[in-house]
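The values are calculated or read from the model by the stated rules, or taken from the named source; none is laboratory data. Quick caveat, the model's predicted, so the values are computed rather than measured. Here Cβ is always computed from backbone atoms with ideal geometry, including for glycine, and neighbour counts include all displayed protein chains.
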Amino acid sequence: IDAEHRVLVWNRGAERLYGYAPHEAIGGRLRELVLPSDAPNGAADPLNHLPASGPSTYEALRRRKDGVLMYVDVTAKRIIHTNGGGAPLIVLGEKDVTQLRVQRDAKLLDIGAGTNEIRRMLIGRELIGAR
């Protein structure tokens with residue numbers, strides 16, 4: 001994407017992931033293509049996640065062409081022109097991690113439920129012991 005968040009290149013992986021053909025995506029703004037309509041303004045700006053140098057990896061919520069929401073693992077890297085002129089470009093690589101996130105969240109819920117059960121048992125023992 002360019003400094004104004006316009007898509008410059010759209011490959012087959014992006015097409016499979018989001019459902020947009022290259023002619024639909026190229027020239028479009030990232031926010032309008034793949035961000036949920038209620039996403040905060042800064043969410044569209046990968047520069048918010050980039051360190052001064054090197055790549056950045058983070059998880060983000062995205063929307064496919066058909067409206068389905070998904071979580072993606074984003075790797076973003078700033079590309080500076082070799083002659084030092086012009087605005088930097090941002091190269092993004094994104095992978096659907098929705099299923100992994102659902103599994104991770106389910107495990108956390110199981111752990112939380114188990115912790116609550118242990119807590120109830122301990123409180124019960126304390127109450128019995130206090131008699």
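Would you mention how many residues in the range 8-22 are on the phi < 0 side of the Ramachandran plot, among the small types (G, A, S) and within 19 Å of the chain's Cα centre (by Cα)?
Summing the residues that are on the phi < 0 side of the Ramachandran plot, among the small types (G, A, S) and within 19 Å of the chain's Cα centre (by Cα) in the range 8-22 gives 2.
Identify all residues within the range 24-59 that are of a type in the set (D, E) and either at pLDDT 80 or above or on the phi > 0 side of the Ramachandran plot (or both); write none if there are none.
Matches in the range 24-59: E24, E32, E59.
Please state which of the following conditions G114 fails to meet, knowing it meets all the rest: (1) at pLDDT 80 or above; (2) surrounded by 10 or more Cβ atoms within 10 Å (Cβ to Cβ); (3) among the small types (G, A, S).
That leaves (1) as the condition not met.
Out of R63, R119, R101, report the one residue that is of a type in the set (D, E, K, R) and at pLDDT below 80.
Result: R119 is the single residue among R63, R119, R101 that is of a type in the set (D, E, K, R) and at pLDDT below 80.
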